[in-house]
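Taking it in order: structure first as structure tokens, then the write-up.
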Amino acid sequence: MLAIVQISLTICATGLLMTDAYKITDKFGIGRRYDGIGGISGGGATSKLLVSYPEPQRSQILDLLFKKQYGAALQILKVEIGGDGQSSAGSESSHMHEPWDESYHRGYEWWLMKEAKKRNPDILLSALSWSFPGWVGNYGSNPYKNVSKLAYYTVSWIKGAKEVHNLTIDFIGIWNEKMWNNDYILELRSSLDSNGFEKTKIVAPDTFGIEYTGFEKLFENATLRNAVYAIGVHYPGTELPLNMRTNGVPLWSSEDYSTYNDDVGAGCWARILNQNYVNGNMTSTISWNLIASYYSALPFERDGLMTAMHPWSGHYNIDNPIWITAHTTHFASVGWNYLKHGKGSGKLGAGGSFVSLTNGKDLTIIIETLSHNHSICIRPSLPAYNVAEQSVTFVFSGSFSAIKTLHLYTTRFFFDGRSTVPFEKQADAIITDSKLTLRLAVDAVYTLSTILSPGRVEPKDIPAASEFPLPYSDNFDSYAVDEGPHYLAQQNGAWEVVKSEGESFVRQKALNREIAWCDQTFVATAALIGDIKWHDISVSIRVRVPSSKGANTLFAALRSSFYGCNEDKATGLFLWLNPNTTTYWISYDIASLRIAYIGHLPTPFQLDQWHTASLSAVGSIFSIGIDSYSISVAVEKGATSHGFVVFGSQGYGYSDWDDLHIESGVDDIFFK
């Protein structure tokens, strides 16, 4: 039992902590509707490794995210509508690479939404695009060039969710962190209504503060105002302009957090979950990301509510943002209401905040006392403030005057070597004469509720973490059509299993440049696998370029540095091949700005034929093989010394890959 909460029934005497009193009442009405706490899967392929987890660990993780009153018990799942383009730590496949190439079995978001619904049928589903296939914007950079075409693309995804997967999409956005278009908002609303999706609500603009400060002009037009359910903002720092806070439209922090999930990250999450409402009237907060389930060296390592980066071992971490979420989601449901500022929600006198939620019968109060240095988020900067130990008295009236007992749950963060004990059930708090006095520690979270939760329940015997297993092989025969292979993390383009003429292989299927979310000077399709620490590695893979719609230039690489939105600056040891020529070259970077060697094959690299490419890096020697041809070159001092295995193409077009084999060191079958 933690000794951090003392229940007192009287005001503290002189010489002790002074007690501030706060009203908990609905006598003067209630505040805004509570729209829920959620997490984002996508916005950079952030759940890529989760789908590859073995059982029972995969189900354990899903339970921790979605099951009611179990772990985070999330109330909103927001997913990326894949657009074939890099969106932070990877790309997700579009349901329509081209107008004629349509499938609703690509990627893992369909699977994840269905798993979430199994665990919580009431969970709300939201979706948003980061990038779009080029055809949507007539192969330019602006998706709003033809708003009817863009609406058709988006509503087709919603229709596919319903007709193929029996999933109802509750909320839809427009374009992540880019400028909005009023004509498109109206066209999207019209298209949703005409296709039977009147209940699917638009959340917009999904962008940053300096950009959304002009969004209130939208509400000068009644038709536009009626088309949008909520203003969605990103990383508001709990603050919004006055005219947004007072216009009556629901306000969401539709992307927030994005912070390393240690105890400071959990403190960030606790502070903003309360203060987004206290300071900004925001009634929903959605974490980017849902779960850090992508290779650790990719951007924004461990910026999820929990971590699952080792599917080959089954290891995962239950990080404390999970239990901070539970402080609210176990005790209040979407559709409850906040109590008004000064009547159940507000700032505490010695720092921190509290919010109260009710459904007209039950009551939940969440208190946080997070100090500045222990609740810093990745963005925006956090102005200085102080928090001190304090005593508070809650005075209950209105519908709550008859409450005599509240269940109490606590999380106390320690930053002095002691371990945090999250989400622990304490003795019930007894209310006397409609008053309850609590002594609050610094860096703590408290929930008082008429609702009883089982408290923190965790799976036992989580397997230990292990390195990526070598040797590793995959012939891609075990996958369904359009499925993405295990562990192969696409960074740009769409890498999907194809079955043709009796064999299965992976094909990169993006034919044209996407309408990008990331700004990149050098455009390449790419997929990576492995470990950023790999140094001495040998790889063999079969590769083919179709004569129809084939890529112009292929590459395979070892020791490749991190990707994400900076993939155009990736370094490593790259082998480049040009179809129908004998020329190949080796470079130290993906943009081929630093050439190590140029050579010629005995015969041209033929289209429509499978060729075997072999690569080995051992110490300062890089060896390559194309079919029966091989050569070794010395690696210059200063070249990247470790990194991923990567495959791809310069520009776009089909490329086929099969029979991947990776070993540590040199495999003599490659080079004889």
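The values are calculated or read from the model by the stated rules, or taken from the named source; none is laboratory data. Note that the coordinates shown come from a computational prediction; the quantities given were computed from them, not determined experimentally. Positions of Cβ are backbone-derived with ideal geometry, glycine not excepted, and every protein chain shown enters the neighbour counts.
One table, with the values for the structure above:
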item	result
All positions within the stretch 636-646 that are more than 16 Å from residue 592 (Cβ to Cβ) and either surrounded by 19 or more Cβ atoms within 10 Å (Cβ to Cβ) or in contact with a Pro (Cβ under 6 Å, 6 or more places away or on another chain) (or both)	643, 644, 645
Residue in the stretch 549-597 that is modelled with the highest pLDDT, counting only those that are within 32 Å of the chain's Cα centre (by Cα), under 30 Å from residue 101 (Cα atoms) and of a type in the set (Phe, Trp, Tyr)	555
Any chance residue 187 is assigned by TED's automatic domain parsing to the domain that holds residue 95, among the acidic types (Asp, Glu) and closer than 20 Å to residue 102 by Cβ	no
Tally of residues being part of a strand (DSSP E or B), over 18 Å from residue 569 (Cβ atoms) and under 40 Å from the mean Cα position of the chain (by Cα) across the stretch 611-644	14
Search result, residues across the stretch 427-474 that are surrounded by 13 or more Cβ atoms within 10 Å (Cβ to Cβ) and of a type in the set (Ser, Thr, Tyr)	434, 437, 446, 447, 449, 450, 453, 472
Residue count, the stretch 483-498 (criterion: in contact (Cβ under 8 Å) with a residue 24 or more places away in the chain and either touching a helix residue (DSSP H, G or I) at 6+ places or on another chain (Cβ under 6 Å) or not in a loop (DSSP other than H, G, I, E, B) (or both))	8
Single residue of the stretch 152-169 satisfying the filter (of a type in the set (A, V, I, L, M) and outside any helix (DSSP H, G or I)) that is nearest to the chain's Cα centre (by Cα)	169
Which listed residue is under 20 Å from residue 64 (Cβ atoms), among the polar types (S, T, N, Q) and touching a residue at least 24 places away in the same chain (Cβ under 8 Å), from 333, 356, 345	333
Residue satisfying condition, being within 22 Å of residue 509 (Cβ to Cβ) and surrounded by fewer than 23 Cβ atoms within 10 Å (Cβ to Cβ), within set 627, 656, 589	656
Any hit, the stretch 76-83, residues being in the same structural domain as residue 161 (by TED's automatic domain parsing), assigned to a loop (DSSP other than H, G, I, E, B), under 19 Å from the mean Cα position of the chain (by Cα) and not β-branched (Val, Ile, Thr)	yes
Single match in 223, 246, 238 (criterion: hydroxyl-bearing (Ser, Thr, Tyr) and in contact with a Leu (Cβ under 8 Å, 6 or more places away or on another chain))	223
Test: residue in the stretch 657-669 that is farther than 28 Å from residue 492 by Cβ, of a type outside the set (A, V, I, L, M, F, W, C) and in contact (Cβ under 8 Å) with a residue 60 or more places away in the chain	yes
Test: residue in the stretch 52-69 that is within 25 Å of residue 492 (Cβ to Cβ), surrounded by fewer than 23 Cβ atoms within 10 Å (Cβ to Cβ) and not assigned by TED's automatic domain parsing to the domain that holds residue 498	yes
Members of the stretch 270-293 found to be more than 14 Å from residue 36 (Cα to Cα) and in a helix (DSSP H, G or I), listed by number	270, 271, 275, 278, 279, 280
The stretch 395-415, residues that are over 24 Å from residue 443 (Cα atoms) and either out of contact with any strand residue (DSSP E or B) (no Cβ under 7 Å at 6 or more places or on another chain) or not β-branched (Val, Ile, Thr) (or both)	396, 397, 398, 399, 400, 401, 402, 404
Selection from the stretch 323-351 of residues that are more than 28 Å from residue 300 (Cβ to Cβ), out of contact with any Gly (no Cβ under 7 Å at 6 or more places or on another chain) and crowded, with 24+ Cβ neighbours inside 10 Å	331, 332, 344
Residue within the stretch 403-416 that is at pLDDT below 95 and surrounded by 13 or more Cβ atoms within 10 Å (Cβ to Cβ) present	yes
Some residue of the stretch 174-182 being in a helix (DSSP H, G or I), over 20 Å from the mean Cα position of the chain (by Cα) and in contact (Cβ under 8 Å) with a residue 12 or more places away in the chain	yes
Extreme residue, nearest to residue 165 (Cα to Cα), among residues of the stretch 111-140 that are among the polar types (S, T, N, Q) and surrounded by fewer than 22 Cβ atoms within 10 Å (Cβ to Cβ)	120
Residue within the stretch 295-302 that is assigned to a helix (DSSP H, G or I) and within 16 Å of the chain's Cα centre (by Cα) present	no
Residue within the stretch 335-345 that is touching a helix residue (DSSP H, G or I) at 6+ places or on another chain (Cβ under 9 Å), of a type in the set (Lys, Arg) and under 16 Å from residue 47 (Cβ atoms) present	no
Search result, residues across the stretch 227-241 that are touching a residue at least 60 places away in the same chain (Cβ under 8 Å) and among the aliphatic types (A, V, I, L, M)	230
Single residue of the stretch 352-370 satisfying the filter (part of a loop (DSSP other than H, G, I, E, B) and not charged (D, E, K, R)) that is farthest from the chain's Cα centre (by Cα)	360
